[in-house]
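K.L.:
Structure incoming, see below.
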Amino acid sequence: MSSLWLPILMVVPVLGAIVVALLPKGSDKLAKQVTLLVSLVVLALTLVMAFQFTGAPGDRFKFAATYDWIPSFGVHFGVGVDGIALVLIALSAVLVPIVVLASWHDASGVKAADGTVVAPKRSVKTYFSLLLVLEAMMIGVFAATDIFLFYVFFEAMLIPMYFMIGSYGGAQRSYAAVKFLLYSLFGGLLMLVAVIGLYVVAGKGTFMFPELVGVIQDPATQKWLFAGFFIAFAIKAPLWPVHTWLPDAAAQAPAGAAVLLVGVLDKVGTYGMLRFCLELFPDAAKAFTMPIIVLAVISIIYGAIVAIGQTDMKRLIAYTSISHFGFIVMGVFAMSQVAQEGAALYMVNHGFATGALFLAAGFLIARRGSPHIADYGGAQKVTPLLAGFFLIAGLAGLSLPGLSSFVSEFMVMIGTYSSPAFGSGALTVAAIVSAVAVILAAVYILWMVQRTLNGPTAEPVKAFKDLNAREVWVLAPLVALIIGFGFFPKPLLDVITPAVTSTLSNVQVDNPAIAEKGAGQ
Amino acid sequence: MNPVIETPTIEYGTLAPLLLVFAAAIVGVLVEAFAPRYLRKSIQVPLTLLSLVGAFALVILTVVGGDVPSEPVAMGALAVDGPALFIWGVILVLSVVCVLLINDEGHFVASAAAVPGSADEEEAERSGSAHTEVYPLALFAVGGMLMFPAANDLLTMFVGLEVMSLPLYLLCGLARRRRLLSQEASLKYFLLGAFSSAFFLYGTAMLYGYAGTVSLAGISQAMSTGGALDPLLLIGFALLGVGLLFKIGAAPFQAWKPDVYQGAPTPITALMASGTLVAAVGALLRVFWVALGNLDWNWRPVIWVVAALTMIVGAVLAITQTDIKRMLAYSSIAHAGFLLVGVMATYATPEGNAVSLQAILFYLLVYGITTVGAFAVVTLVRDPGGEAGHLSRWAGLGKRSPILAGVFAFFLLAFAGIPLTSGFFGKYAVFTAALGSATEAGDSLGNWLTGLVVVGVIASAIAAFFYVRVIVLMFFSEPAADGPTIAIPSAGTVAVIAVSLLVTVGVGLYPEPVLDLAQQAASGLFVR
């Protein structure tokens, strides 16, 4: 019985993209309206689908649909979602309409205060149709249950993002776009070898994920294939030391594209680790756990320290994300129920928090045309509304209790601290070291807030206008979600928990959560 | 008593496509001799196109009719088997498309004999004379391309090689603009080509000395009884290899490609980059898999080095190029390397080999089509002095002509092997075949072959850099004030670009029909 939900979710934005691209010249406003409408339709459909989702036992992947695509290669168009994929699809569907609203004028060109053209006016239609194509691919990449299909989306989604950065970004846009593309392509190609290797070694003649779990037994083969997948995901996530493309790409991308880049595209990396690296190659994952945890901790601390030193707001936010991705990776590889639930939850919350932060910073930057922190000061007195949103988004970035990211960061740390996966206290040490980042986070966020919002009002800042209605509509839903899930994360966790349980059972670690359930029955 | 000479049996029906092309070429020569000048073009164009389309129809008829011969035809000289028919089909499609490009105005010199820059040249241009000989020449080249990969003995193969190459040497020198460059290309191609032909012939002689026959099956048979380390065999094989690797432009025999591709008239470059490559890879496969099949533990390490070198040299040197046609030439070198990875993917079982062959045939088809499309776009971007070859001239093309730049960008992404383009599946198929061969128990190369795939992947990443660089130039750079003009494309050129684009997109989204076709063609492997 195949369900049409997921294919429809992918087809709607693609059709929307075609319509937008074919609109006659000069209908820029219509293009924006159509894009917004399509993205809202996708959001509505996603929400309806999500409310029908139950974590009930039975088939792990709900709304599954499988069609033959390339029988010669054993490739299917196979889609389906478990809880983790569902919340990430929902995250994408929520962010896209917000980004559409936020990017309303992004393609119209950016001028600095002194009149120099930072970015020329570009085709509005192209921007918004790329955005819709990207939405279809984001949904596809999380929904794919066929590893080949996942790979196709993983690589193909680079192209729209590449054009969004390269054509619509800041002064260094073409450098940033090329760097982004080459890093990702290189990782992707290594993954391609591993994908082919998996297919050949497994000898099953299929790429369907459920049929490939547990097939590869040879430890050496597992390690090589794991490495191929992991490097690609580590670049995507990004993990230290292959993170350097992210600050460039995020700083040069238009704010809306940066939100999707950091909020969703990078999550494909951590999602891939959780879904593919762990479940397909459990022994290798366990063997490599310690080095990966070390890399994750380095990312956490390094990202936070470097963020403190940034003078460019968007780069600063990008570095904070590297720190946060360190937490997610640590949670994924801590191999405990709580840590992995925290990691999956973190992926969603980070999307909201960083999204809000990027957009608020983007609105501030749009008022002056400069991303440099030093160019601002005292904005709070002039633009109280913007300053308020900026502050809340910042506090979410430093995981203040009561805001959603606190829950996930706390779960990751507590889950890692008490992980039963390793007898040694190594994970405990990792959790303790990573806790330092909580203090560093306070430094980088609050110092940025202090330099931009507080203090004497800088001369150019006095002319700023506060948020208009469109901008409030962009930020308000995100802040509502941040606060809402901060106090009541249960709906998300209810969906995520069964998915994490089945992940861990495929990885075959001793899972006290499962053991308790067994004992209770 | 006089010895009885038997009448040779010739399977005319099977050979009809080949014969039709050659017959049309000869008629074309006669037209040149007897038809008045003003009529020539209007006779040559339909004659050329109809004969190529007719030959393609005959190929289709043979395949659909199910009478694919299971034995060599024409007294063992030619093998019209599944792979050969597939390659014929591909070459004929590509050549029809290239003839449409050749047909476009302004690519060929008015009078090749006039010294560049002389009064004679001006006179010829003013009087509007043209070399309609290009059509029969192209037909001869296509005929050679059909013969080359279908040849079942080394002598026939040599004849095919020469019939294919000689008209191309000439055609290379006929560019209308930058004629000195064109003539230089022609001379270089001729000299180096002549050397490589000599190598091929010398190798043939050596192998004849070893096996007492030039037929591919005979050489293979001789190896199963005779010594496998006979110097005659090894030297012969090495020399033959040089000749063949030269034609596909594998390193270290790649030096001619950039010069020739740059200098030749672009439609001819398109024909060489697509048709010649397809034919040469077909012939290479036949020699290595049929004649030297028993020697694969011996030649595979050599080809390993050649393939790795070819991919790396092609990808790395392409980065430093500033001319679009030279860049595409190096890209073609890199792709020849990827194809060689497929050539090495031999298995112990025929079923395994059929998978590799399917991959190579598929790759040839998709690469050929995309290449023709890319060169067709190149013909449209013009300066006052001809095509705007220098890459800097392409800056900002995305603003001036978004559709053309978008199409070209798509072709480049297909070359780079980005998913949802046909190029991705080509690369994927070849790499899968190679990794399958590497993991086969008892494979003579084993992990080395896995290593080669990794080299291929790294070369792909490097190659992606220069494809992306052109996209950056076209879309993210500001157009120059005196940028190139975009020629209004003729209906033929539009058709070429449209067909290439459709195939590149269509196969990128749903490759199954083409894969099935390649699989059917490959299932019987080569006849011996």
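K.L.:
Applying the selection to the stretch B:97-128, what residues are within 25 Å of the chain's Cα centre (by Cα) and surrounded by fewer than 19 Cβ atoms within 10 Å (Cβ to Cβ)?
P.N.:
The answer is B:E105, B:G106.
K.L.:
Restricting the search to the stretch B:475-493, which residues are within 21 Å of B:K325 (Cβ to Cβ), assigned to a helix (DSSP H, G or I) and away from chain A (no Cβ under 11 Å)?
P.N.:
Within the stretch B:475-493, B:G492, B:T493 qualify.
K.L.:
May I pose another question? Residue under question is B:A217, and the condition is that it be in contact with a Lys or Arg (Cβ under 7 Å, 6 or more places away or on another chain) and either surrounded by 19 or more Cβ atoms within 10 Å (Cβ to Cβ) or in a helix (DSSP H, G or I) (or both); does it hold?
P.N.:
Considered against the rule, which asks whether it is in contact with a Lys or Arg (Cβ under 7 Å, 6 or more places away or on another chain) and either surrounded by 19 or more Cβ atoms within 10 Å (Cβ to Cβ) or in a helix (DSSP H, G or I) (or both), B:A217 comes out as yes.
K.L.:
Condition first: surrounded by fewer than 22 Cβ atoms within 10 Å (Cβ to Cβ) and either over 16 Å from B:V407 (Cα atoms) or out of contact with any helix residue (DSSP H, G or I) (no Cβ under 7 Å at 6 or more places or on another chain) (or both). Now tell me which residues in the stretch B:491-514 satisfy that.
P.N.:
Of everything in the stretch B:491-514, those that are surrounded by fewer than 22 Cβ atoms within 10 Å (Cβ to Cβ) and either over 16 Å from B:V407 (Cα atoms) or out of contact with any helix residue (DSSP H, G or I) (no Cβ under 7 Å at 6 or more places or on another chain) (or both) turn out to be B:A491, B:G492, B:V494, B:A498, B:L502, B:V505, B:G506, B:L509, B:Y510, B:E512, B:P513, B:V514.
K.L.:
Tell me which residues, restricted to the stretch A:1-25, are over 15 Å from A:S129 (Cα atoms) and over 22 Å from the mean Cα position of the chain (by Cα).
P.N.:
Scanning the stretch A:1-25 gives A:M1, A:S2, A:S3, A:L4, A:W5, A:I8.
K.L.:
Do you know which residues across the stretch B:390-425 are surrounded by fewer than 23 Cβ atoms within 10 Å (Cβ to Cβ) and assigned to a loop (DSSP other than H, G, I, E, B)?
P.N.:
Correct list: B:A395, B:G396, B:S401, B:L420.
K.L.:
Within the stretch B:373-386, take every residue that is touching a helix residue (DSSP H, G or I) at 6+ places or on another chain (Cβ under 6 Å) and either under 30 Å from B:G117 (Cα atoms) or free of Cβ contacts under 8 Å to residues at least 12 places away in the same chain (or both) and give me the one that is nearest to the other protein chains (Cβ to nearest Cβ).
P.N.:
Per the stated criteria, the residue is B:V377.
K.L.:
Out of (1) within 13 Å of another protein chain (Cβ to nearest Cβ); (2) closer than 18 Å to B:A270 by Cβ, what's the single condition that is false for B:P402?
P.N.:
So B:P402 meets the others, but not (2).
K.L.:
Additional query: In the stretch A:123-171, how many residues are facing another protein chain (nearest Cβ under 8 Å) and charged (D, E, K, R)?
P.N.:
Count: 1.
K.L.:
On to the next question. Of the conditions (1) in contact with a strand residue (DSSP E or B) (Cβ under 9 Å, 6 or more places away or on another chain); (2) surrounded by 24 or more Cβ atoms within 10 Å (Cβ to Cβ); (3) not hydroxyl-bearing (S, T, Y), B:V260 clears all except one; give me its number.
P.N.:
Checking B:V260 against (1) in contact with a strand residue (DSSP E or B) (Cβ under 9 Å, 6 or more places away or on another chain); (2) surrounded by 24 or more Cβ atoms within 10 Å (Cβ to Cβ); (3) not hydroxyl-bearing (S, T, Y), the one that fails is (1).
K.L.:
For the stretch B:177-208, which positions are among the basic types (K, R) and either closer than 14 Å to B:V260 by Cβ or surrounded by fewer than 17 Cβ atoms within 10 Å (Cβ to Cβ) (or both)?
P.N.:
B:R178, B:K188
K.L.:
Which numbered condition trips up A:I196, out of (1) under 15 Å from A:L280 (Cβ atoms); (2) more than 7 Å from every other protein chain (Cβ to nearest Cβ)?
P.N.:
(2)
K.L.:
Right, another one. For A:G203, which of the numbered conditions (1) crowded, with 22+ Cβ neighbours inside 10 Å; (2) farther than 25 Å from A:L36 by Cα; (3) free of Cβ contacts under 8 Å to residues at least 40 places away in the same chain fails to hold?
P.N.:
Only one criterion in (1) crowded, with 22+ Cβ neighbours inside 10 Å; (2) farther than 25 Å from A:L36 by Cα; (3) free of Cβ contacts under 8 Å to residues at least 40 places away in the same chain is unmet by A:G203, namely (1).
K.L.:
Among the numbered criteria (1) within 13 Å of chain A (Cβ to nearest Cβ); (2) part of a loop (DSSP other than H, G, I, E, B); (3) buried (at least 20 other Cβ atoms within 10 Å of the Cβ), which one does B:F526 miss?
P.N.:
In the conditions (1) within 13 Å of chain A (Cβ to nearest Cβ); (2) part of a loop (DSSP other than H, G, I, E, B); (3) buried (at least 20 other Cβ atoms within 10 Å of the Cβ), B:F526 misses (1) alone.
K.L.:
Please verify whether the stretch A:208-228 includes one or more residues that are modelled with pLDDT of 85 or more, within 30 Å of A:T354 (Cα to Cα) and away from chain B (no Cβ under 14 Å).
P.N.:
Yes, the conditions are met somewhere in the stretch A:208-228.
K.L.:
While we're looking at this one, here's another question. Give the number of residues within the stretch B:97-145 that are touching a Ser or Thr at 6+ places or on another chain (Cβ under 9 Å) and in a helix (DSSP H, G or I).
P.N.:
Matching residues across the stretch B:97-145 total 19.
K.L.:
Looking at the stretch A:176-197, which of its residues are more than 18 Å from A:V262 (Cα to Cα) and either surrounded by fewer than 21 Cβ atoms within 10 Å (Cβ to Cβ) or aliphatic (A, V, I, L, M) (or both)?
P.N.:
A:L189, A:L190, A:M191, A:L192, A:V193, A:A194, A:V195, A:I196 - these are the residues of the stretch A:176-197 that are more than 18 Å from A:V262 (Cα to Cα) and either surrounded by fewer than 21 Cβ atoms within 10 Å (Cβ to Cβ) or aliphatic (A, V, I, L, M) (or both).
K.L.:
Same structure, new question: Inside the stretch B:423-474, can you point out the residues that are charged (D, E, K, R) and more than 10 Å from every other protein chain (Cβ to nearest Cβ)?
P.N.:
Across the stretch B:423-474, the qualifying residue is only B:D443.
K.L.:
Across the stretch B:158-168, what is the total count of residues that are surrounded by fewer than 21 Cβ atoms within 10 Å (Cβ to Cβ) and under 19 Å from B:F108 (Cα atoms)?
P.N.:
Residues in the stretch B:158-168 being surrounded by fewer than 21 Cβ atoms within 10 Å (Cβ to Cβ) and under 19 Å from B:F108 (Cα atoms): 1 in total.
K.L.:
Return the only residue of A:V348, A:V338, A:V407, A:V329 being part of a helix (DSSP H, G or I) and closer than 15 Å to A:A296 by Cβ.
P.N.:
Step by step, each of A:V348, A:V338, A:V407, A:V329 is checked, and only A:V329 is part of a helix (DSSP H, G or I) and closer than 15 Å to A:A296 by Cβ.
The values are calculated or read from the model by the stated rules, or taken from the named source; none is laboratory data. The shown structure was predicted, so the numbers you read here are calculated from the model rather than taken from an experiment. For neighbour counting, all protein chains shown are included, and Cβ atoms are generated from backbone atoms with ideal geometry for every residue, glycine included.
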